[in-house]
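First the structure, in the form of structure tokens, and then the observations on it.
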Amino acid sequence: MADDAIRLHYTVPGDDFTRAGEASADLKSRLKKLGLPPTAIRKVSIALYEGEINLAIHAHGGDIDVEITDDEVRMTLSDDGPGIPDISLAMSEGWSTAPDEVRSLGFGAGMGLPNMKKYSDEFDIQSAVGVGTTVKMAVRTT
Amino acid sequence: MQETSVHSVTLNRELCKGCINCIKRCPTEAIRVRDGKAAIISERCVDCGECIRICPHHAKRAVSDPLDVLKQYKYKIALPPPSLYAQFNNLDEPDVVLAGLLRLGFDNVFEVSRAAELVSEATRRFLQTSDMPRPIISSACPAVTRLICVRFPQLMDHILPLIAPIELAARLAKDEAVKKTGLPREQIGCIFLTPCPAKVSAIRSPMGSKHSDVDAAVAVKDVYPPLLSAMKQVGQVEYLSLSGRIGLGWGESGGEAAALMTTERYLAADGIENVIRVLSDLEDEKYHDLDFVELNACSGGCVGGVLQVENPYIAKAKMKHLRRTMPVSRNHLTDDAAEQVAWDDELNYNPVLELGGTRAERFERYAKMEQITAMLPGLDCGSCGAPTCAALAEDVVRGQADVNDCTVLMRRRMEAVLRALGRDE
């Protein structure tokens with residue numbers, strides 16, 4: 001089935017909040033066309049939006065690869081940003097390193113990674129300081 | 001109702017020039033130009049009236065009832081919406097409008113704003129007692145409710161399951177009239193003076209209730225000229241209005257939400273594009289800490305309805321003047337009315353934007369659609385009759401259009417043929 005998978009690629013520009021959210025909005029409309037279950041679409045859309053914001057705030061941009069197969073939507077977010085020194089700390093709710101100007105826009109509440117994990121059925125994060133971060137998420141659609 | 005179609009928005013084929021203004025404006029991509037004329041895809045239309053607003057040739061119109069419809073009933077009740085009062089100059093109280101309606105041949109009036117105050121109270125109670133997911137989205141604008149059922153099915157369980165003030169007004173007015181006149185229900189006509197086509201459609205095919213007690217809808221713009229003359233003949237003005245500030249507030253964006261009073265955690269958005277943006281964000285749970293969301297398809301709220309006469313912003317200023325000396329609310333929910341406010345029917349998801357078929361078929365169609373989109377120029381010029389290149393690709397996959405409808409692609413092909421011929425010479 002993987003051969004029939006629908007593949008999409010998005011580039012998220014760094015530090016541009018007006019554009020963060022474009023990928024999740026585009027993906028959402030495609031998933032609606034595909035008639036996937038509303039709950040799954042909602043999960044994908046929320047998880048990916050959080051990811052986009054993270055790419056824009058912390059990583060100065062990055063890439064999103066999406067694979068839609070028969071039974072799941074798989075998203076890989078990769079960047080070559082500063083990396084995360086302590087992943088378990090970063091995964092705790094409310095912990096944030098976002099600068100004040102980001103917080104004043106209503107972002108950076110420290111719920112990004114926890115929400116990405118909460119809204120996906122599979123979640124994996126790999127990060128190395130000075131190298132970058134890769135987040136893999138999957139949402140089941142069956 | 002005069003015509004059997006579910007929709008109020010219709011096309012006058014003779015006036016249509018086949019231009020692309022309406023197809024570009026439609027929020028559900030419900031219009032195509034085929035054979036030189038616009039055609040509305042009925043299942044997609046939410047009757048928002050945007051195409052009526054934009055059409056430079058006045059080919060799009062809202063079908064409503066003529067004022068003659070009064071003759072069909074023994075006892076006629078006018079249901080004026082609060083926004084009607086804001087259509088007139090130098091008006092200090094709504095009473096003269098109501099007196100004018102009586103002079104026009106109505107036997108009685110029942111202000112929709114009265115019912116609105118009851119719905120406000122019912123909403124307040126609902127917010128306190130219901131465990132429905134927050135935020136609760138208002139169901140008063142039928143174009144918005146229909147839009148959610150077509151484009152935002154995930155939000156359907158957030159829609160306030162209470163009937164709109166118009167509907168409640170009709171029910172209460174009819175009950176009252178039956179008691180007063182002893183006439184059978186069907187001889188009593190409740191005639192709504194409508195600011196928009198969406199409300200006409202909501203009467204023909206109600207959402208959330210099995211039937212409508214509103215019998216006809218006359219456009220504000222049609223009742224306006226005779227009403228204005230009738231109002232000029234009104235001598236001594238009686239106290240006819242029974243509305244307060246809350247009821248009148250419903251005529252403009254933000255009025256319904258402000259009337260909740262028990263919460264400040266609300267949002268009010270108006271204008272179809274803003275509404276879509278808010279719904280899309282709500283779907284992604286981008287707003288937290290909201291109890292209530294009021295959405296109006298028209299800019300400014302009902303004062304901005306496409307069948308109104310006055311500029312919506314001037315109407316808002318007039319509304320403020322009218323409300324200045326009014327009591328807050330003059331209508332209070334009785335147990336009897338409270339029972340009538342709840343929905344007795346469910347909403348249905350209308351998945352017209354999906355590609356259709358089994359999941360495998362949808363995936364296949366999607367892949368084909370992507371292939372076709374890649375071939376198309378991406379100019380979204382609309383010359384093929386579809387609003388965007390992606391929409392044309394989708395129409396092709398659905399078997400409703402041909403990729404050769406793309407004029408840009410055709411020109412390229414022709415140029416290639418001409419070049420080939422040139423080489424031969």
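Computed from the coordinates by the stated procedures, all read-outs in this text should not be read as laboratory data. All values reported here derive from a predicted model rather than from experimental measurement. Neighbour counts are summed over all protein chains in view; Cβ atoms, including those assigned to glycine, are modelled from backbone coordinates with ideal geometry.
Using only Cα coordinates, the Kirkwood hydrodynamic radius of region B:210-284 works out to 16.6 Å.
When Rg and the Kirkwood radius Rh are both evaluated on Cα atoms of region A:2-140, their ratio Rg/Rh stands at 0.95. With coordinates expressed along the principal axes, the C-alpha atoms belonging to chain B extend over 91, 48, 41 Å, beginning with the largest. Among B:Ile276, B:Ile20, B:Ile372, the largest mean-square fluctuation in a Gaussian network model of chain B (Cα springs under 10 Å) belongs to B:Ile372. Take each residue in B:359-371, count the other chain C-beta atoms within 10 Å of its C-beta, and the mean is 3.
Within region B:188-245, the trypsin sites (Lys or Arg not before Pro) that combine a DSSP coil assignment with at most 12 other C-beta atoms in a 10 angstrom radius are B:Lys210. Can you find, among B:Pro206, B:Ser130, B:Gln187, the residue farthest towards the positive end of the dipole of the protein assembly as shown? Put +1 on the C-beta of Lys and Arg, -1 on that of Asp and Glu. Among B:Pro206, B:Ser130, B:Gln187, the one farthest towards the positive end of the dipole of the protein assembly as shown is B:Gln187. Counting every alpha-carbon pair across the protein assembly as shown, the share separated by more than 39 Å comes to 38%. Using the alpha carbons alone, the radius of gyration of region B:354-425 stands to its Kirkwood radius in an Rg to Rh ratio of 1.12. Relative protection proxy for B:233-239, B:169-175, from highest mean packing down: B:169-175, B:233-239 (other beta-carbon atoms within 10 angstrom).
Put simply, the C-alpha atoms of region B:159-222 give a gyration tensor, and the ellipsoid matching it has half-axes of 21, 15, 9 Å, longest first. A simple packing score, the average count of other Cβ atoms within 10 Å per residue, orders the peptides B:97-106, B:386-395 as B:386-395, B:97-106, with the highest score first.
Peptide A:28-38 has a mean shielding of 6, counted as Cβ atoms of other protein chains within 10 Å of each residue's Cβ.
Which pairs, out of A:Lys32/B:Lys37; A:Lys118/B:Lys368; A:Lys32/B:Lys286; B:Lys24/B:Lys316, put more than 23 Å between their alpha-carbon atoms? Present the calculation step by step, with values, prior to reporting the outcome.
Values: A:Lys32/B:Lys37 29 Å; A:Lys118/B:Lys368 34 Å; A:Lys32/B:Lys286 19 Å; B:Lys24/B:Lys316 29 Å.
Pairs exceeding the cut-off: A:Lys32/B:Lys37; A:Lys118/B:Lys368; B:Lys24/B:Lys316.
Cross-link partners for B:Lys180 among the lysines, with Cα-Cα distance under 22 Å and sequence neighbours closer than 8 places in the same chain left out: B:Lys71, B:Lys74, B:Lys76. Considering only beta bridges that DSSP places wholly inside the protein assembly as shown, some 65 percent are antiparallel. Local charge for A:Gly81 was computed over the other residues whose Cβ lies under 13 Å away, with Lys and Arg +1 and Asp and Glu -1, and equals -4. Quick one: Kirkwood hydrodynamic radius for region B:1-63, alpha-carbon pairs, angstrom, one decimal? Hydrodynamic radius (Kirkwood, Cα pairs) of region B:1-63 is 11.5 Å. Within the listed set B:Asn89, B:Asn311, B:Asn350, the residue fluctuating most in the Gaussian network model of chain B (springs between alpha-carbon atoms under 10 angstrom) is B:Asn89. For B:Ser42 and A:Ala5, a Förster radius of 35 Å and the Cβ-Cβ distance give a FRET efficiency of 0.50, rounded to the nearest 0.05. A straight line joining the Cα centroids of region B:87-133 and region B:371-411 runs 48 Å.
Measuring how big region B:131-184 is from its alpha-carbon positions, Rg and Dmax come out at 15.7, 46 Å.
Within the listed set B:Ile40, B:Ile137, B:Ile77, the Gaussian network model of chain B (springs between alpha-carbon atoms below 10 Å) gives the highest mean-square fluctuation for B:Ile40.
Residues whose amide H lies under 5 Å from that of B:Ala401, counting only those 5 or more places away or on a different chain, are B:Val396; hydrogens are built 1.01 Å from N in the peptide plane.
Peptides A:17-30, A:36-49 ordered by packing proxy, namely the average of other Cβ atoms within 10 Å per residue, highest first: A:36-49, A:17-30.
Taking each residue as 0.36 nm, the span from B:Ser383 to B:Thr129 lengthens on full extension beyond its C-alpha to C-alpha distance by 86.2 nm.
The mean count of C-beta atoms from other chains within 10 Å of the C-beta of residues in B:110-120, rounded to a whole number, is 0.
At the listed q of 0.19, 0.21 Å⁻¹, the Debye profile of region B:49-185, built from one uniform point per Cα, gives log10 I(q)/I(0) equal to -1.22, -1.27.
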